[in-house]
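Here it is, the structure in full.
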Amino acid sequence: MRPIDLFGRKRVLGLLVGNTRALWPFFIETLEASPDLQRSPDPLDTYVEDAVRSSIKEAGSKCTVHFSHHRGKSLVSMLHLAEASGLAQTGPAHLAAHREYGVWFGLRAVLVFDEEAPLEKAHTPGPCEECLAPCRQPFEDALSQTQPSAIEKTWETWAHVRDACPIGRSYRYGENQLRYHYTKDRRALVSDTPI
Ligand code: B12
């Protein structure tokens, strides 16, 4: 892990990219039409990279990108970024909670532009501030049943952690999106029932 390159500036403009369940139908439609994407080891990560890179080209200004699924030296903590930007608060279950979407969103990338940015941050209280943390026990239960490297074997206990959050329940992922995120099971790369 190394610091984000600020292009020699004190502060720069950053854009945090994430998604809710709304991503899934667009992703599946593109996947069905693209044999290249179907051959990718992780079609969702590839789809995200393609979409983000093509939007950077359109933006025209100098920009670097860090993807949340890239590890090693280019790893960026999306939870820290979400909290630092005021987008969300990291709760007791180590998930970023948003005031509307709860924990039902993913964080995909951060774009860093060679542009000056004002130092502004939302000062509204985080959604976990007044919460009695019903996610805490399911998180501990899931943790006690799991080897961190094998989350897919007990994925439903991890889904219960998200289900315990009282915010954003209407944004819960559909069954295939949910299964794919936790297990990477390619049989789940199909449509969910429409929203
Ligand atoms: C590695 C990783 C994991 C590891 C964590 C193991 C570990 N020792 O860190 C494992 C495989 C267990 C994991 C599981 C899951 N993850 Co994860 N994970 C990451 C990843 C790629 C890097 C995290 C990291 O190392 N950060 C660097 C450290 C220094 O900083 P940090 O982020 O603040 O570290 C926090 C976490 O690592 C956590 N943590 C530390 N130890 C452990 C151990 C366990 C078992 C868990 C669950 C968490 C955890 O606590 C730290 C402080 O908050 C991030 C993406 C990213 N680039 O940030 C996604 C990310 C954090 N994960 C995410 C998700 C959704 C999950 C899962 C729900 C599965 C899934 N993909 O759908 C599960 C269950 C998590 C839960 N809390 O319920 C989302 C969170 C979205 C949100 N709204 O909060 C992220 C941002 C990826 C994304 N595309 O959106 N994850």
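For SER85, are the conditions met, namely being within 24 Å of ARG53 (Cα to Cα) and more than 7 Å from the ligand (Cβ to nearest atom)?
Values: within 24 Å of ARG53 (Cα to Cα): yes; more than 7 Å from the ligand (Cβ to nearest atom): yes.
It is true that SER85 is within 24 Å of ARG53 (Cα to Cα) and more than 7 Å from the ligand (Cβ to nearest atom).
So which pairs qualify, if the first residue must be in region 1-29 and touching a residue at least 24 places away in the same chain (Cβ under 8 Å), the second must be among the basic types (Lys, Arg), the Cβ gap must be under 8 Å, and the two must be at least 6 apart or on different chains?
Sorted first by the residue in region 1-29, then by its partner, the pairs are MET1/LYS73; ARG2/LYS73; PHE7/LYS62; VAL17/ARG108; GLY18/ARG108; ASN19/ARG108; ARG21/ARG172.
If you go through region 133-153, how many residues are part of a helix (DSSP H, G or I) and within 10 Å of the ligand (Cβ to nearest atom)? Reasoning before the result, please.
Within region 133-153, the first condition is being part of a helix (DSSP H, G or I), and the residues that meet it are 136-144, 148-153.
Now drop any that are not within 10 Å of the ligand (Cβ to nearest atom), which leaves 138-139, 142-143, 148-152.
The total comes to 9.
Here's something else I'd like to know. Name the residues in region 52-66 that are more than 16 Å from the ligand (Cβ to nearest atom) and within 20 Å of LEU6 (Cβ to Cβ), would you? Show your work before the answer.
Here is the first cut: in region 52-66, the residues more than 16 Å from the ligand (Cβ to nearest atom) are 53-63.
Hits for region 52-66 are ILE56, ALA59, GLY60, SER61, LYS62, CYS63.
Inside region 73-132, can you point out the residues that are basic (Lys, Arg) and exposed (fewer than 13 other Cβ atoms within 10 Å of the Cβ)?
Taking region 73-132 as the starting set, the residues that turn out to be basic (Lys, Arg) are 73, 99, 108, 121.
Answer for region 73-132, where residues must be basic (Lys, Arg) and exposed (fewer than 13 other Cβ atoms within 10 Å of the Cβ): LYS73, LYS121.
Testing ILE28 on (1) touching a Ser or Thr at 6+ places or on another chain (Cβ under 8 Å); (2) within 9 Å of the ligand (Cβ to nearest atom); (3) among the β-branched types (Val, Ile, Thr), one condition comes back false. Which one is that?
(2)
Filter region 71-81 down to residues that are more than 7 Å from the ligand (Cβ to nearest atom) and in contact with a strand residue (DSSP E or B) (Cβ under 9 Å, 6 or more places away or on another chain), then give me how many there are.
Residues of region 71-81 more than 7 Å from the ligand (Cβ to nearest atom): 72-74, 81.
Checking the rest, the ones that are also in contact with a strand residue (DSSP E or B) (Cβ under 9 Å, 6 or more places away or on another chain) come to 74, 81.
Within region 71-81, residues that are more than 7 Å from the ligand (Cβ to nearest atom) and in contact with a strand residue (DSSP E or B) (Cβ under 9 Å, 6 or more places away or on another chain) number 2.
Would you mind telling me which numbered condition in (1) at pLDDT 95 or above; (2) within 20 Å of the chain's Cα centre (by Cα); (3) more than 30 Å from SER34 (Cβ to Cβ); (4) surrounded by 14 or more Cβ atoms within 10 Å (Cβ to Cβ) ARG169 fails?
Looking at each condition in turn, ARG169 falls short on (4).
Look through ALA188, ALA159, ALA133, ALA164 and report the one residue that is at positive phi and either touching a strand residue (DSSP E or B) at 6+ places or on another chain (Cβ under 9 Å) or of a type outside the set (Lys, Arg) (or both). Spell out the reasoning first.
Values: ALA188 fails: at positive phi; ALA159 fails: at positive phi; ALA164 fails: at positive phi.
ALA133 is the lone residue from the list that is at positive phi and either touching a strand residue (DSSP E or B) at 6+ places or on another chain (Cβ under 9 Å) or of a type outside the set (Lys, Arg) (or both).
Next question, about the same structure. For GLN145, work out the one condition from (1) loosely packed, with under 12 Cβ neighbours inside 10 Å; (2) within 27 Å of VAL65 (Cβ to Cβ); (3) in contact with a Ser or Thr (Cβ under 8 Å, 6 or more places away or on another chain) it doesn't fulfil.
(2)
Can you tell me how many residues in region 1-26 are aliphatic (A, V, I, L, M) and part of a loop (DSSP other than H, G, I, E, B)? Outline the logic, then answer.
Initial filter on region 1-26 (aliphatic (A, V, I, L, M)): 1, 4, 6, 12-13, 15-17, 22-23.
Right, trim to part of a loop (DSSP other than H, G, I, E, B) and you get 1, 4, 6, 22.
Counting residues in region 1-26 that are aliphatic (A, V, I, L, M) and part of a loop (DSSP other than H, G, I, E, B) gives 4.
The values are calculated or read from the model by the stated rules, or taken from the named source; none is laboratory data. Small disclaimer: the values here were computed from a predicted structure and weren't measured. So basically every Cβ, Gly included, is an ideal-geometry build from the backbone, and we count neighbours across all protein chains shown.
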